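Take a look at the structure below.
No value in this document is a laboratory result; all are computed from the given coordinates. These numbers come from a predicted model, not from an experiment. Neighbour counts run over all protein chains shown; Cβ positions are idealised from the backbone, glycine included.
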Amino acid sequence: DQQVKQNSPSLSVQEGRISILNCDYTNSMFDYFLWYKKYPAEGPTFLISISSIKDKNEDGRFTVFLNKSAKHLSLHIVPSQPGDSAVYFCAASISNFGNEKLTFGTGTRLTIIP
Amino acid sequence: DTEVTQTPKHLVMGMTNKKSLKCEQHMGHRAMYWYKQKAKKPPELMFVYSYEKLSINESVPSRFSPECPNSSLLNLHLHALQPEDSALYLCASSQDQGVINTEAFFGQGTRLTVV
């Protein structure tokens, strides 16, 4: 049972345009969400997060939007750069008094076209 | 130093072998994790150590045995593995298990092939 889903396995975007990566979840208990970026032969690196008490969090070119009623979040990258080409994982967790653990989505491979 | 270092990068082992994966961090993090990632699948949590004690075991078969000798080191001992255990094994650390949500640092992984 995949509780965190990224339905687009791949996405290609022109350099300079906006990249939008989507993530859906089924467990309404999730209250914290994160995006990780993974280059080949490297481990995932943390990108940005959002708590369920917010609907938007911005960090430079990266913005994450959360729609709790739709159980949907998205990552916007503006403007997209060639170095953004990577696999992006959405992850979610439930606050559990220090016993939190991450549930990852299946990932979306983003390719930025120069 | 914001690195999590995993050794070896690649490992090929037979089903009767005993081997160990190693993970090291010097960021003073008190929580360390083992994840398993199969091709085109998300990372799946295996074990969590918090303050050098095992806090989560995600029903992992006993042929995988974790060990945390000290706060900087995390090992995964492998014995009698099956070919289906072939995967990328990722180690991660965070300041505290309760604050994994803020930032977890991952190593580059060990690519394990069981023959």
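Return A:S28, A:S93, B:S86 ranked ascending by Cβ neighbour count within 10 Å, so the fewest neighbours appear first.
A:S28, B:S86, A:S93
Assuming R0 = 35 Å, can you tell me the calculated FRET efficiency for the pair A:K5 and B:S20, based on Cβ-Cβ distance, to the nearest 0.05?
0.50
Using a simple charge model, +1 on the beta-carbon of Lys and Arg, -1 on the beta-carbon of Asp and Glu, nothing else, what dipole does chain A show about its Cα centre, in debye to the nearest 20?
120
Find the centroid of the Cα atoms in the stretch B:50-106 and in the stretch A:13-34, then give the distance between the two in whole Å.
27
Enumerate the whole-percent occupancy of each 10 Å bin, from 0 to the last occupied one, for all C-alpha pair distances of chain B.
Using 10 Å bins, I get a P(r) of 15, 51, 29, 5, 0 for chain B.
Excluding same-chain residues fewer than 8 positions from A:K68, which aspartates and glutamates have a Cα within less than 17 Å of its Cα?
A:D24, A:D31, A:D55
What residue among B:A87, B:A39, B:A104 shows peak mean-square fluctuation when chain B is described by a Gaussian network model with Cα springs under 10 Å?
B:A39
What average count of beta carbons from other chains do you get within 10 Å of the Cβ of residues in A:32-41?
That average works out to 3.
Could you work out how much longer the chain between B:E103 and B:K41 gets when fully extended? Use 0.36 nm per residue separation minus the Cα distance between them, nm to one decimal.
Value of the extension gain: 20.2 nm.
Students often get this wrong, so check it: of B:K9/B:K36; A:K5/B:K40; A:K54/A:K101; A:K56/B:K36; A:K5/B:K41, which have C-alpha atoms separated by over 22 Å?
Over 22 Å Cα-Cα: A:K56/B:K36.
Going by how many other Cβ atoms sit within 10 Å of their own, how do A:Y39, B:Y35, B:Y89 line up, fewest first?
A:Y39, B:Y89, B:Y35
How high is the FRET efficiency from A:A41 to A:H72, r the C-beta distance, R0 35 Å, rounded to 0.05?
Numbers: r = 31 Å, r/R0 = 0.89.
Plugging the Cβ-Cβ distance into 1/(1 + (r/R0)^6) gives 0.65.
Straight-line reach from B:K38: which aspartates and glutamates fall under 18 Å, measuring Cα to Cα and dropping same-chain residues less than 8 apart?
B:K38 reaches A:D1, A:E42, B:E58, B:E84, B:D85.
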